[in-house]
Amino acid sequence: MPVAYSYIRFSTVEQIKGDSLRRQTTASAQYAAANGLELDSSLNAQDLGVSAFSGANFESGALGKFITAIDEGRVARGSYLLVESLDRLSRLPVPDALAIFQAIIGRGVVIVTLTDMAVYSQERLKTDWTPLLIALVSMSRAHEESAVKSQRVKAAWDAKKERVKKNKEVMSTRCPWWLKPSDDKTKYEIIEANAETVRLMYALSKDGMGSWSISRYLNALEIPTPQHSQRWQNSTVQFNLRNIATIGILQMDQDHNGRTTTNTFVEGYYPPIIDKTLFYEVQAGKAERRRLPASGGGRAGQCHNIFKGTAKCGYCGSPMHIRRKPGINTGFLYCAKSLQSASCVGVSYNVRQLEAEFINFTRELDLKQVLGDGAGKGSVQAKKSELAACAGELEATEAKFNNLLKAVELGGDVSMLVQRMREMEYATVELRKRNHALKAELESLINVEQIESSSYENMNALMEQLESKSTGLDEKLRLRFRMLTEVQRIVKRLDLFPGGLWHSIDKLDAMAAGLREAGYDEERIEDYISSLPTKPNRDERYFVASMRNGMFRMVKAGDVIEVDTEWTSKALELLKTRREFANEQ
């Protein structure tokens, strides 16, 4: 008994709710039963919600897989392919649709169209080609119908986009999860409970929390999630933190074929729930954390160490890792090498002492000198110039497009002018993308400049809040993340010397040998060598702060040590030597 396969296709998922699937399935079963065919459903040859006008059903859908099955021998020659009509196979232009038709019958499979009971096989067409004429007419009609429908849909979509841009007309009842359509469907209204959750995300991100930590924070508070998710996910938080709909902008990012574009932004389409300054401040903070090597990627955990990523061992250059002890409300920073028993100083730096010394040190800094007076303004001015140039080029390109349009109206060479108009339209789209991106970058730069100028004052205020007994645990977590952010904005590196300046026995022996060669007597050498420290001493701890503008300061017990003193000169020379030695290893 010959085997038959039913191929079922319709263009939109919504048609599943209608009668199309049942109708096509029933017709196939009835034909197979009436003509002695065994209906095989093992291949599941169905393209539900797949377009034949774009050729997706052949290129990546079930129809293409059916042809592959023929080539692999899973569908035998002489089998039947049952379709409602030829437009189920393809709505491509006639040459392309005919190629698909021939690919099937050329492999020995018979095509049957169930609406008119027409049978198409390679053997029949060799002696009677009139069915092929009918097939060609059907293919042509199918393509023309889809082409006209596509043009109408595109025209309607374009008209709707124009109304949205000009009149802020509500385009769809679908909207961000913190909004809902009004009862008369003419505007969007804010769902305050959901909007407050989004505002909390932005506040936490501004404080320096990463998306992973924010998702944990929201889950701990048992805040309801969007839609049907049971828990907040990192990806959901990230999406909300970069969604420009929060500041009221609609990005019309799909054309009538569902292809992603970015050529149309409608300001003021949605009611904003986030201030623009905060939005771009958060984008700048996220970009800065990705850019700075000290940030260590995402912000997670409890943030016990506000010097994460910036604190290094001054003796060997390795990172400093925090270790906490039960019952003690502080942590201790150890050199990573010392924790691995890899021959470095095993003396720790008390985190709370380091915080207090660092804050005391920052109070004495000259803010303009640290930030590099005018450096940020130069970046902002350069970005403004770049934006102005882009805006000028965009205006010129739009003018060229309008001139081409007038030339078409006056009866010029239409084919050439249309090609040029397509080129100009593409260039305009790209320039609009660029213009929007530059505006966002400029906003970020302006916010970064303002943020940096207040970082020092912020740290002092934050530390006071952290030390306050009235501050709750949740608030302290947020405060510590903010402290971490502020530190990384102004400090490139902190080299810690928890044991102060001291000399190993080998170093002292080498110094003594050098003094002997220089002609010093043994008594003077011994007096000098014996006066030098040979063991780490926590009371002599200090750190070297390297600021982001290239300036550095040595800090001992919270006080800045003048760089031209003999003590600091020795310490800096020792730091340089040990770094060079570590790099050679």
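The numbers here are math on the coordinates, done by the rules we state, and not lab data. No experiment lies behind these values; they were computed from the predicted model shown. Please note: Cβ atoms are built from the backbone with ideal geometry, for glycine as well, and neighbour counts cover all protein chains shown.
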MET424 neighbourhood, Cβ < 14 Å, K/R = +1, D/E = -1, net charge -1
Taking 0.36 nm per residue of sequence separation and subtracting the Cα-Cα distance, how much length would be gained by fully extending the chain between THR25 and ALA407, in nm to one decimal?
132.1 nm
For the stretch 36-76, averaging the sequence separation of alpha carbon pairs under 8 Å that lie six or more residues apart and dividing by its residue count, the contact order in percent is 29
Peptides 271-277, 508-514, 494-500, 345-351 ordered by average Cβ neighbours within 10 Å, highest first:
494-500, 345-351, 271-277, 508-514
Flagged links, alpha-carbon separation over 31 Å, of LYS312/LYS383; LYS286/LYS384; LYS383/LYS556; LYS180/LYS433
LYS312/LYS383; LYS383/LYS556
Fully extended contour minus Cα-Cα distance, from ASP184 to MET511, at 0.36 nm per residue
108.9 nm
Could you tell me the calculated FRET efficiency between ARG538 and GLU475, based on Cβ-Cβ distance and R0 = 30 angstrom, to the nearest 0.05?
0.40
Between GLN233 and LYS276, the two model label points (7 Å from Cα along the beta-carbon direction) sit apart by a distance in nm of 3.3
Kirkwood Rh, Cα Rg: Rg to Rh for the stretch 196-254?
0.98
Between ARG434 and SER150, what FRET efficiency comes out of the Förster formula 1/(1 + (r/R0)^6) with R0 = 30 Å and r the beta carbon distance, rounded to 0.05?
0.50
Unsatisfied cross-links (Cα-Cα over 21 Å) in the set LYS337/LYS535; LYS206/LYS325; LYS149/LYS406; LYS65/LYS149
LYS206/LYS325; LYS149/LYS406; LYS65/LYS149
Between ASP128 and ASN219, how many nm apart are label points set 7 Å from Cα along the C-beta direction?
6.8
Rank by packing, highest mean first: peptides 128-137, 103-112, with packing defined as the count of other Cβ atoms within 10 Å averaged across residues.
103-112, 128-137
Three-way shape label, the stretch 1-88, alpha-carbon gyration tensor, a/c 1.5
oblate
